[in-house]
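What follows is a short report on a single structure.
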Amino acid sequence: MIEYFIGVDGGGTGTRVRLANADGVELAQGQGGPSALAHGIGNAWDNIGAAVAMAFAQAGVAQAALHAMAIGLGLAGVHNKSWAAQFVDANPGYAALRLETDGFTTLLGAHGGQPGTIVAIGTGSVGQALLPGGEQREVGGWGFPAGDEASGGWLGLRAINHIEQVLDGRQPGSPFAQAVIDACGGARDPIQVWLGQANQTSYAQLAPIVFNHADTDATARAFLLAAGAEVAGIAHALDPSGTLPLALCGGLGAPLRAYLPRDLLARSVAPQGDAARGALRMIEQHVRANPTKS
């Protein structure tokens, strides 16, 4: 018998979970390290487990056995079907499990399961739409470094390219460039080491430097305006008519609002809930539609 529902939002920077009881009443939240599938299946389950344990601790109740819990997960990397299958096969014992992309659970959370569009922008990025007829549409989500436009990884990649040119003398230096240089080792040789070890999360950790210098540095501001244009392109492809509500989600959704084209900003709405809440809604609906699973 299922006693608790778990909703998981897992990305390249961290994991967030929501815990609810059997009646769907939310009790607490927890967080842990990255659970994007690109970081490894075992690592994902370990960090999800730590976040679930934190949620139970925050709720002040003893953690239930896995066979008494149902878990819904929206994870980065699910587009890789091999990774997704390996992850499901490694289920440590949850009574019911439903796995979807983090974009889909973000969409469910943002509009309460109703028709709408989202552009989720964090370490990576993706656009999702739920149309009035129930059809789903996805734009982007191709992954780093080839895609994930406007994301933290995308911004960090541009910041690194900029300091390479500054260190070469191809571009003038600036406090913005120096801040990025310092964050990556301070000089050419240690930056080369940083580059050899960097992943998408590493690049995304440079994004706050871009935002912090946007008011005083033309290059940093240009990167963010370009990100805003990429968001607009994703949004238009999702809903060419511009009639569905649009929510900007993820850790960079709110900070990027200032760099959106005005017409897009005018029709955007605040998300009703986050991706973890969308994952919670997803697993509750799944279990209630499949009572034999509970």
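The values are calculated or read from the model by the stated rules, or taken from the named source; none is laboratory data. Being a predicted model, the structure only gives us computed values, none of them experimental. For neighbour counting, all protein chains shown are included, and Cβ atoms are generated from backbone atoms with ideal geometry for every residue, glycine included.
Here are some notes:
- Positions within region 68-101 being more than 16 Å from the chain's Cα centre (by Cα), charged (D, E, K, R) and part of a strand (DSSP E or B), in sequence order: ARG98
- For region 232-257, the tally of residues that are within 17 Å of the chain's Cα centre (by Cα) and either free of Cβ contacts under 8 Å to residues at least 60 places away in the same chain or over 14 Å from ALA129 (Cα atoms) (or both) stands at 8.
- Criterion: in a helix (DSSP H, G or I), small (Gly, Ala, Ser) and over 22 Å from GLY14 (Cα atoms) - qualifying residue of ALA229, ALA254, ALA214, ALA276: ALA229
- For region 1-45, the tally of residues that are among the β-branched types (Val, Ile, Thr), outside any loop (DSSP other than H, G, I, E, B) and farther than 15 Å from ASP274 by Cα stands at 1.
- Residue in region 133-141 that is modelled with pLDDT under 90, of a type outside the set (Val, Ile, Thr) and closer than 18 Å to PRO34 by Cα present: yes
- Close contacts from region 43-55, counting a first residue that is within 13 Å of GLY7 (Cα to Cα) and a second that is modelled with pLDDT of 95 or more and among the aliphatic types (A, V, I, L, M), with Cβ to Cβ under 7 Å and a gap of 6+ residues or different chains, come to ILE48/VAL8; ALA51/VAL17; VAL52/ILE6; VAL52/VAL17; ALA55/VAL17; ALA55/LEU19; ALA55/ALA28.
- Some residue of region 45-66 being surrounded by 19 or more Cβ atoms within 10 Å (Cβ to Cβ), of a type in the set (A, V, I, L, M, F, W, C) and touching a Phe, Trp or Tyr at 6+ places or on another chain (Cβ under 8 Å): no
- Residue check: ASP102 meets all listed conditions (1) charged (D, E, K, R); (2) under 17 Å from ASP239 (Cβ atoms); (3) buried (at least 19 other Cβ atoms within 10 Å of the Cβ) but one, namely (2).
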